[in-house]
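First the structure, in the form of structure tokens, and then the observations on it.
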Amino acid sequence: MLRAWHDDGFGRFVVVRRADRSLIGRVGLLAWDPATWQNGTRRELGEQAEIELGWTLERAAWGRGYATEAARAVRDWALREVQPRRIISLIHADNSRSARVAERLGARPERDVVTARDVAVQLWSFGR
């Protein structure tokens with residue numbers, strides 16, 4: 001994770017609940033090679049890299065708006081500071097909660113892909 005910040009100037013952030021300052025997850029950006037769907041750094045992969053906005057929260061934090069709030073903040077920061085050609089999210093087809101977060105943020109399903117680790121996901125793309 002530190003290599004991504006060093007090489008690209010972006011990566012994952014921790015999500016801390018304000019009320020009790022407890023760590024409840026991560027939200028951030030990952031770079032993917034669209035030819036192989038192997039992740040790495042944008043420096044390694046080049047300008048064709050797809051930049052993913054992803055989120056992972058502990059189960060007790062689900063359904064409270066934390067993922068949407070944190071992902072919106074990272075998306076807006078990325079558009080200002082990272083300026084990727086576009087932002088995507090890779091979401092398992094059966095993960096309806098993450099699909100709803102993506103929809104709230106303005107993403108739409110584009111196509112199915114299989115990652116280098118042989119994981120089938122839906123590629124969602126965000127409009128600018």
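Just so it is clear, none of the values below were taken in a lab; they were calculated from the coordinates. On a predicted model such as this, the values are computed, not experimentally measured, just so you know. Glycine gets a Cβ as well: all are built from the backbone with ideal geometry, and neighbour counts include every protein chain shown.
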- prompt: Which ³J(HN,Hα) values in Hz, rounded to whole numbers, follow from the phi angles of the stretch 71-83 under the Karplus curve 6.51 cos²θ - 1.76 cosθ + 1.60, where θ = phi - 60° and Gly and Pro get x?
  reply: 5, 4, 5, 5, 4, 5, 4, 4, 5, 6, 9, 8, 6
query: Listing Ser22, Ser89, Ser125 from the residue with the fewest other Cβ atoms within 10 Å to the one with the most, what is the order?
result: Ser22, Ser125, Ser89
task: Could you check the simple spin-label distance between Arg86 and Thr36, using points 7 Å along Cα→Cβ, in nm with one decimal?
output: 2.3
field: Nearest-20 debye value, the chain charge dipole, Cβ charges on Lys, Arg, Asp, Glu
entry: 540
statement: Sorting Thr36, Leu57, Val121 by the position of each Cα along the dipole of the stretch 8-128 (Lys, Arg +1; Asp, Glu -1; all at Cβ), the one nearest the positive end of that ordering is Leu57
- prompt: If the viscosity is 1.306 mPa s and the temperature 10 °C, what Stokes-Einstein diffusion coefficient in µm²/s follows for the stretch 2-126 when Rh is the Kirkwood radius over Cα pairs?
  reply: 107
The chain, helix-only ellipticity at 222 nm - DSSP H runs n ≥ 4, -39,500 (n - 2.57), divided by all residues, nearest 500: -6500 deg cm²/dmol
query: Among Asp8, Asp76, Asp20, which comes first, second and so on when ranked by fewest other beta-carbon atoms within 10 Å?
result: Asp20, Asp76, Asp8
message: Quick check: net charge around Gln38, other residues with Cβ under 10 Å of its Cβ, Lys/Arg +1 and Asp/Glu -1?
response: -1
- prompt: Net charge near Thr115, counting Lys/Arg +1 and Asp/Glu -1 over other residues with Cβ under 14 Å of its Cβ?
  reply: -3
task: List Leu45, Leu30, Leu2 from most exposed to least, where exposure is judged by having the fewest other Cβ atoms within 10 Å.
output: Leu2, Leu45, Leu30
